[in-house]
Amino acid sequence: MKKYNTIFLDRDGTINPDPGYISSLDQFEFYDFTFPSLKRLTKDGHRFCIVTNQSGVSRGLIKLKELDRIHDYVKNQFMDNSIPLLGIYVANDHPNSATSRRKPGDGMFIEASNDHFIDLKNSLIIGDSINDIQAGKDLGMDTILVLTGHGSQTVLDFPDLKPNAIVSNLKEAADWILK
Ligand SMILES: [Mg+2]
């Protein structure tokens, strides 16, 4: 059983299906296993922080106002399920002009760490893309790749990536942490 200071969660493909550039609330839904899994981890004393790349904003495909609506919904759902969420950090950068905020950059993690006194070296990131795993590794965090979202493609594209664990989904990530 592992106890992390904070569990960072990627958004699309990790806690919700990723149809690509979700631009309105009606396109957003959580996986059915998301809250049961997060509740088990909460019971074990864990807290969470969402870190998400949303280049659709700088591509002109997602309006900030809609993104805020989606994230208000996410925060409310976490609250309704009594899941401690420190915050939602968003990088709107286009990949071609990315700042260090965009994963695999460390910007959002450092910001969250300063805001909430997070011990990054004793934290974990769960995500479905190379950007999530690379960011975590660069910061000395543990990393779990889920095969939902782009995860199964990530495994094929980056066979040498070697996260701490590769699991089917967030439910199995919780199993891995709690075992
Ligand atoms: Mg993702």
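Screening Asn81, Asn92, Asn96, Asn76 for residues that are farther than 22 Å from Leu25 by Cβ and either surrounded by 16 or more Cβ atoms within 10 Å (Cβ to Cβ) or over 12 Å from the mean Cα position of the chain (by Cα) (or both) leaves exactly one candidate, Asn96. Residue check: is Thr154 over 16 Å from His46 (Cβ atoms), in contact (Cβ under 8 Å) with a residue 60 or more places away in the chain and within 14 Å of the ligand (Cβ to nearest atom)? Against the criterion (over 16 Å from His46 (Cβ atoms), in contact (Cβ under 8 Å) with a residue 60 or more places away in the chain and within 14 Å of the ligand (Cβ to nearest atom)), Thr154 does not qualify. In segment 1-12, the residue that is farthest from the ligand (Cβ to nearest atom) out of those that are under 17 Å from Tyr73 (Cα atoms) and either assigned to a loop (DSSP other than H, G, I, E, B) or without any contact (Cβ under 8 Å) to a residue 24 or more places away in the chain (or both) is Arg11.
The residues of segment 13-35 that are free of Cβ contacts under 8 Å to residues at least 24 places away in the same chain, within 15 Å of Lys75 (Cα to Cα) and either assigned to a loop (DSSP other than H, G, I, E, B) or of a type in the set (D, E, K, R) (or both) amount to a single one, Glu29.
Computed from the coordinates by the stated procedures, all read-outs in this text should not be read as laboratory data. Computed from a prediction, not measured in an experiment: that's the story for all the values here. Reconstructed Cβ throughout: ideal geometry from the backbone, glycine too, with neighbour counts over all protein chains shown.
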